[in-house]
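Here is the structure we will look at.
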Amino acid sequence: MDPLAALEHAARMLEQARAAGHPGLMAEACHRLAGCWRALGERRAALASLERALPWARSSGASDHALALQCETAELLADMAARADRGDRGSGRPLRERARDTIFEVVRAAAGCADPRWEVMLLLRLSDVLDRFGDHDDATALQVRALRLTAAEFYGEPAPRAEDAARLRVH
C-alpha cells in the first residue's frame, strides 16, 4: 500500500475508533496515523499523532503500548533534532532535551514491566537514541541493565532493582 493510501486508511480507522469511543482503538489509530505521516516525511504531524495516541493508550490500560509510543516519540524527536542541526547547528538542542526527558521517563516506567524481555527491548531502543546523541555513558548504563535482566532470565541471577533506574543521570 502506498503511503497516501495508508494515510487514508489510517484516517478511516481513526474515525471508526472515534465513533466506537474505545481508548485502545483510538491509541492504535493515532499510532498508525503517526507511522503514515512519518513515511510521508511529515515529522511534525507524526509527532502530534504520537502525542495524541499516548493518553489514549494510558487510559486504556495498555502500559506496554504507552511505553512503545514513548520510545517511538524519543526516536522521532532524535531524528527531528538531527535534521534541525543540519540546518542550524545547535537548533536541535530543545528536541534532544525533550527526547532525553522522554527516555528517562520510559526507563523509570520500564522498571515496572512484568516481562523482562519487553524491558530489555525498550532499554536497547532507548540506548540507541542516547548513543546517537553522543551520551555514551547513559547508553552504556541502559545496555548493562539490559544485560543484567537477560542474565537474570537465563541464568537465574538477581535482576536489577527498580531503584537502579534512578541512577541514570538526567540531563
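Coordinate-derived values only; no laboratory data. Nothing here was measured: the structure is a model prediction, and the numbers come from that model. In this analysis, Cβ positions are derived from the backbone assuming ideal geometry, glycine residues included, and neighbour counts consider all displayed protein chains.
Taking 8 Å as the Cα distance limit and 6 or more residues as the minimum spacing, I'd like the relative contact order of the chain as a percentage.
On the way: 208 pairs, mean separation 25.3, N = 171.
It rounds to 15 percent for the chain.
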Three principal axis lengths of the chain [C-alpha, angstrom, descending]
48, 42, 26
Between the alpha-carbon centers of the stretch 75-108 and the stretch 1-21, tell me the distance in whole angstrom.
28
Highest mean packing first, using Cβ neighbours within 10 angstrom, the peptides 142-154, 60-72 sort as 60-72, 142-154
So, relative contact order of the stretch 1-61 in percent, Cα under 8 Å, 6 or more apart, is 36
Output needed: percent of Cα pairs per 5 Å distance bin for the stretch 1-61, bins running from 0 to the one holding the longest distance.
4, 24, 28, 24, 14, 5, 1
